[in-house]
Amino acid sequence: NFGRCSSGKSNSELWEVLLREEQSRRLPAFEPGGHIGALAALRDLGPAGCRTKLLTKCVGPEEELPSPRTARREVAVLHSAARAGIVAQSAAAFPAAEYARLRQVIRLNGFRFNGSLCEGDVGYDVGGVLFDVVS
């Protein structure tokens, strides 16, 4: 569960940065919800932690991963988040192919958790959770 990292940036702050970046149209069109989980993971675990804890999870069929060209376009969102200080600068060096795999891991293995929030509440459907072990 990704919530608040050592830099003090919360998922809602990350979400707001993603929305502003999408609305600015400085990057090719993207869906903020498709990036928040991967960015939160990189923010909280760092590249090494993502490699050891998350990139070992199921990514589904290899042919469903984005093409190298699409992955390079999508990693621009990560680079933007690093420039904004939402993720560490070291995360910006995460390769496009690994970022694409990380996004797929979150999509296939994570789920949304809203607790007591209702649709329309600030923070509703912002963030997700992924467990290492399920009993």
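We did not get these values from a lab; they are worked out from the coordinates using the rules stated. These numbers come from a predicted model, not from an experiment. Cβ: placed from backbone, ideal geometry, glycine included. Neighbour counts: every protein chain shown.
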(request) Take the Cα pairs of segment 38-88, get the Kirkwood Rh, then feed it into Stokes-Einstein at 37 °C and 0.692 mPa s and tell me D in µm²/s. (result) 272
(request) May I ask you to evaluate 6.51 cos²θ - 1.76 cosθ + 1.60, the Karplus curve with θ = phi - 60°, for each residue of segment 43-54 and list the ³J(HN,Hα) values in order in whole Hz, giving x for glycine and proline? (result) 5, 8, 9, x, x, 5, x, 5, 5, 7, 9, 10
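Could you order the peptides 100-109, 38-47, 53-62 from most to least packed, using the average number of other C-beta atoms within 10 Å per residue? Walk me through the intermediate numbers first.
Numbers: 100-109: 20.7, 38-47: 23.7, 53-62: 13.2.
So the peptides 100-109, 38-47, 53-62, ranked by packing, come out 38-47, 100-109, 53-62.
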(request) Determine ³J(HN,Hα), in whole Hz, for all residues of segment 90-97 in sequence, where each value follows from phi through the Karplus function 6.51 cos²θ - 1.76 cosθ + 1.60 and θ = phi - 60°; x replaces Gly and Pro. (result) 4, 5, 5, 7, 4, x, 4, 5
